[in-house]
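The block underneath contains the structure these notes are about, expressed in structure tokens.
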Amino acid sequence: MQKLIERAARDLIGSQYVIALTGAGISTESGIPDFRGANGIWTRNPEAEREAYHTYQRFKADARGYWEEKLRGSSVIGDLVKGVEKAKPNPGHYALAKLEKMGILKCVITQNIDNLHQKAGSKHVLDYHGNAFKLRCPKCGNRFDLKEYDLEKLKDEGKLPPLCPICKIAIKEDIVHFGEPIPQDILKRSWEEVLKCDLMLICGTSAVVYPFAELPRIARQRKIEKEGKIESGLYLARQAPAVTIIEVNAGPTPLTHEGISDYLIQGKTGDILPKIAGEIEK
Ligand code: NAD
């Protein structure tokens, strides 16, 4: 493990544009369960996963009923959001914020909705699946601070659903549900980052949720021309991978099995990421 940590530190130092992709695994050490890990929400309750597939359709068909239901009671995602409110960043989040401060890490693209990267001090964060502390208009795409809306009051006054102040149509949480398109702005900026990076650090994701799971695959297809010396002494241009991809995860993922990642550092992100940052500081 120590050898791999040193290798990662060397790779990060030698790169020009490092980005991190993160998933629910980086937040399990903050007390937020993941979905598909050993103790994940879907692993323990597959029925809840099946139900979650209908949430977005429910909003589209009946936004008022959707909000009333949401405020009335408990759902798996509702419980997740409640847990998220109390959660604090862990050493994995802080290590990424530190790498950004050191000028090494340029951007975090996260599937997490928990805002913990921002709480840890990361400035350049793309919330690929939205943010639990925001609402979003499906038409204009503007985000609004959840605190600006007194949802309980709207419910008591019979004024649900909350409306976009610009478009005057029903808005939903910023969280992206199954079947819901990824917001255009996030999609575009994530692509730009993936096409720019020369090192991708993938932390705590099972890499099975699409289109997020495409991002490392797109990066892997990128090639650069490198000059190499052949036997006759001539220098010839050859194609080489443009991006180094490192996984930090509790276990292997499809990215490991398919050879998308160059190597996996197996273990806890809260343990490994601070060690990588510490090695770079040395
Ligand atoms: P996932 O549950 O599919 O996979 C998590 C991965 O992280 C697993 O491979 C697991 O083995 C690994 N892992 C768990 N704890 C770890 C640790 N301490 N260190 C290293 N690895 C660890 O999660 P996903 O790939 O992010 O996909 C799930 C979807 O659910 C995402 O879209 C995300 O939006 C959402 N989600 C978010 C949160 C959150 O915001 N914290 C929590 C649960 C689910």
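Under a Cβ-only charge scheme (Lys and Arg +1, Asp and Glu -1), can you give me the dipole magnitude of segment 121-271 about the Cα centre, in debye to the nearest 20?
Numbers: 22 positive and 22 negative charges, 73 e Å.
So the magnitude is around 360 debye.
Here segment 1-111 is assigned +1 on the Cβ of each Lys and Arg and -1 on the Cβ of each Asp and Glu. Its dipole about the Cα centre then comes out at about 260 debye. Note on the chain: Kirkwood hydrodynamic radius from all Cα pairs is 20.2 Å, rounded to one decimal.
Summarise the accessible area of the chain (1.4 Å probe, protein heavy atoms) by the percent that is carbon and sulfur. List each step's numbers first, then the result.
Details: 7490 of 14330 Å².
C and S atoms contribute 52 percent here.
Cross-link partners of Lys172 among lysines, defined as those whose alpha carbon lies under 18 angstrom from its own and excluding same-chain residues fewer than eight positions apart: Lys60, Lys70, Lys82, Lys134, Lys139, Lys147, Lys153, Lys155, Lys159.
Over segment 132-173, average the accessible area per residue using a 1.4 Å probe and give it in Å², no decimals. Walk me through the intermediate numbers first.
On the way: 2450 Å² over 42 residues.
Accessible area per residue: 58 Å².
Tell me, what is the FRET efficiency for Glu281 and His124 to the nearest 0.05, using R0 = 22 angstrom and their Cβ-Cβ distance as r?
Numbers: r = 20 Å, r/R0 = 0.93.
Approximately 0.60, to the nearest 0.05.
Computed with a 1.4 Å probe over protein heavy atoms only, the accessible area of His177 comes to about 20 Å².
Note on Tyr149/Glu6: beta-carbon distance plugged into 1/(1 + (r/R0)^6) with R0 of 51 Å gives a FRET efficiency of 0.55. With both labels modelled 7 Å from their Cα along Cα-to-Cβ, the Glu225 to Leu195 distance reads 1.9 nm.
Looking only at Cα atoms, what is the convex hull volume of segment 146-212 per residue, in Å³?
Expressed per residue, the convex hull around the Cα atoms of segment 146-212 is 158 Å³.
The values are calculated or read from the model by the stated rules, or taken from the named source; none is laboratory data. Computed from a predicted structure; not experimentally measured. Glycine gets a Cβ as well: all are built from the backbone with ideal geometry, and neighbour counts include every protein chain shown. Heads up: the accessible areas ignore ligands, DNA and RNA and are worked out on the full protein's heavy atoms, side chains in. Shrake-Rupley method; radii C 1.70, N 1.55, O 1.52, S 1.80 Å.
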